[in-house]
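*Asks:* If you scroll down you'll find the structure; I have some questions about it.
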Amino acid sequence: MRRIITTADGSHTIYVPELDEHYHSVNGAIQESEHIFIRNGFEYCSDDPLHIFEVGLGTGLNALLTAIRSAKGQREVYYTAIEKYPLDEMTVKLLNYDHFTEDEGKNTFRLIHDSAWGQMNRICRNFSLMKIKGDLLTDHLTGSFHLVFFDAFGPDKQPEIWTTDIISKIVKITATNGVLVTYSAKGDVKRNLRACGFLVTLLPGPPGKRHFIRAVKI
């Protein structure tokens, strides 16, 4: 049974006993997402409008932080996320991310999880979201995205997600010069990304993590 855990920065993550894995870093869920996906992904890309694809909606934290930044900016953001196992309503209500955001954070987080699946929904100013309830391994992916948040469970827990077969599916929906960011910096991940046509860069990680990957489709 999944359990909510408080990480080092006070924000929540979820622990999955079956995988012995957490949704986010125990060293700080929000600071990890801010460092990897927002500062080195969202803020790195200048495309307008910006189309984002997330592998693993999970708790919705990356979507929430992206929505908050989008609402404060000028460009339109269209965010698509695939998730095989959506969280139940009670778990969502217990997550404390609204404590770390401004007043609009609580309402935005609720709208992210309450919005209909399978269609693009306007969540807040400059931010629209499509949630896909599906399986990355078997579903056919469509679209063209400038930025990919590859935030699946780790390659040691779900190695089938990090293969060249799956990364090739991501390549097909990533625009030329599109960016992929992921918390993993494992050797197999780097090699598979390069084999699929990405230029891979290792960047300094958030607290508790030495490096993470930002890759550009060439």
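*Asks:* Is it the case that region 105-120 has a residue that's free of Cβ contacts under 8 Å to residues at least 60 places away in the same chain and basic (Lys, Arg)? Explain how you work it out, then say what you get.
*Replies:* Start the filter on region 105-120 by keeping residues that are free of Cβ contacts under 8 Å to residues at least 60 places away in the same chain, which leaves 105-120.
So of that shortlist, the ones also basic (Lys, Arg) come out as 106, 110.
Among the residues of region 105-120, at least one is free of Cβ contacts under 8 Å to residues at least 60 places away in the same chain and basic (Lys, Arg), which makes the answer yes.
*Asks:* Only one of Arg110, Arg125 is among the basic types (Lys, Arg) and closer than 24 Å to Cys45 by Cβ. Can you tell me which? Show your work before the answer.
*Replies:* On the way: Arg110 fails: closer than 24 Å to Cys45 by Cβ.
Within the list Arg110, Arg125, the selection yields Arg125.
*Asks:* Let me ask you something else. Quick check on my filter: what residues within region 77-119 are aliphatic (A, V, I, L, M), surrounded by 13 or more Cβ atoms within 10 Å (Cβ to Cβ), out of contact with any strand residue (DSSP E or B) (no Cβ under 7 Å at 6 or more places or on another chain) and not in a loop (DSSP other than H, G, I, E, B)?
*Replies:* The one that is aliphatic (A, V, I, L, M), surrounded by 13 or more Cβ atoms within 10 Å (Cβ to Cβ), out of contact with any strand residue (DSSP E or B) (no Cβ under 7 Å at 6 or more places or on another chain) and not in a loop (DSSP other than H, G, I, E, B): Val92.
*Asks:* Counting only residues that are assigned to a loop (DSSP other than H, G, I, E, B), within 17 Å of the chain's Cα centre (by Cα) and within 16 Å of Ile213 (Cα to Cα), how many does region 144-172 have?
*Replies:* Within region 144-172, residues that are assigned to a loop (DSSP other than H, G, I, E, B), within 17 Å of the chain's Cα centre (by Cα) and within 16 Å of Ile213 (Cα to Cα) number 5.
*Asks:* Specify the residue that is farthest from Ala81 (Cα to Cα); the eligible residues are those in region 168-218 that are in contact (Cβ under 8 Å) with a residue 24 or more places away in the chain and of a type in the set (Lys, Arg). Steps first, please.
*Replies:* Of all residues in region 168-218, those in contact (Cβ under 8 Å) with a residue 24 or more places away in the chain come to 168-186, 188-189, 192-193, 195-198, 203, 205-218.
In the following step, the residues that additionally are of a type in the set (Lys, Arg) were identified as 169, 172, 186, 209-210, 214, 217.
Numbers: Lys169: 15, Lys172: 16, Lys186: 23, Lys209: 25, Arg210: 27, Arg214: 19, Lys217: 20 Å.
Among residues in region 168-218 that are in contact (Cβ under 8 Å) with a residue 24 or more places away in the chain and of a type in the set (Lys, Arg), the one farthest from Ala81 (Cα to Cα) is Arg210.
*Asks:* Taking Glu54 and the conditions (1) at pLDDT 95 or above; (2) part of a helix (DSSP H, G or I), which numbered condition does it fall short on, given that it satisfies the others?
*Replies:* Condition (2) is where Glu54 drops out.
*Asks:* Only one of Arg39, Arg2 is out of contact with any Cys (no Cβ under 7 Å at 6 or more places or on another chain), surrounded by fewer than 19 Cβ atoms within 10 Å (Cβ to Cβ) and modelled with pLDDT under 95. Can you tell me which?
*Replies:* Working: Arg39 fails: modelled with pLDDT under 95.
Exactly one residue qualifies, and that residue is Arg2.
*Asks:* Moving on. Hey, any hits in region 69-76 for a residue that's in a helix (DSSP H, G or I) and of a type outside the set (Lys, Arg)?
*Replies:* Initial filter on region 69-76 (in a helix (DSSP H, G or I)): 69-72.
From the residues that got through so far, the ones that are of a type outside the set (Lys, Arg) too are 70-71.
Yes - at least one qualifying residue is present in region 69-76.
*Asks:* Moving to a separate point now. Mind listing whichever residues of region 173-211 are in a loop (DSSP other than H, G, I, E, B), touching a helix residue (DSSP H, G or I) at 6+ places or on another chain (Cβ under 9 Å) and not small (Gly, Ala, Ser)?
*Replies:* Correct list: Tyr183, Lys186, Cys196, Pro206, Pro207, Lys209.
*Asks:* If you take the residues in region 175-189 that are among the small types (Gly, Ala, Ser) and under 13 Å from Cys45 (Cα atoms), which one is surrounded by the fewest Cβ atoms within 10 Å (Cβ to Cβ)?
*Replies:* Kept after step one, since they are among the small types (Gly, Ala, Ser), are these residues of region 175-189: 175, 178, 184-185, 187.
Next cut, under 13 Å from Cys45 (Cα atoms) only: 175, 178.
Values: Ala175: 15, Gly178: 23.
Checking each candidate, the answer is Ala175.
*Asks:* Sticking with this structure for a sec: When the residues of region 32-51 are filtered to those that are part of a helix (DSSP H, G or I) and among the polar types (S, T, N, Q), which remaining residue is nearest to Val179 (Cα to Cα)?
*Replies:* Pass one, region 32-51, residues part of a helix (DSSP H, G or I): 32-42.
If we keep only those that are among the polar types (S, T, N, Q) as well, we get 33, 40.
Details: Ser33: 16, Asn40: 10 Å.
Among those residues, the one meeting the criterion is Asn40.
The rows are residues; the columns are (1) within 21 Å of Lys106 (Cβ to Cβ); (2) under 15 Å from the mean Cα position of the chain (by Cα).
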residue: Arg2; (1), (2): no, no
residue: Ala8; (1), (2): no, no
residue: Val16; (1), (2): no, no
residue: His35; (1), (2): no, yes
residue: Leu61; (1), (2): yes, yes
residue: Ala67; (1), (2): yes, yes
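*Asks:* Restricting to region 196-218, count the residues that are modelled with pLDDT under 95 and of a type outside the set (D, E, K, R).
*Replies:* The total comes to 3.
The values are calculated or read from the model by the stated rules, or taken from the named source; none is laboratory data. Note that this is a predicted model, so its numbers are computed, not measured. As a convention, Cβ positions derive from the backbone with ideal geometry for all residues, glycine included, and neighbour counts pool all protein chains shown.
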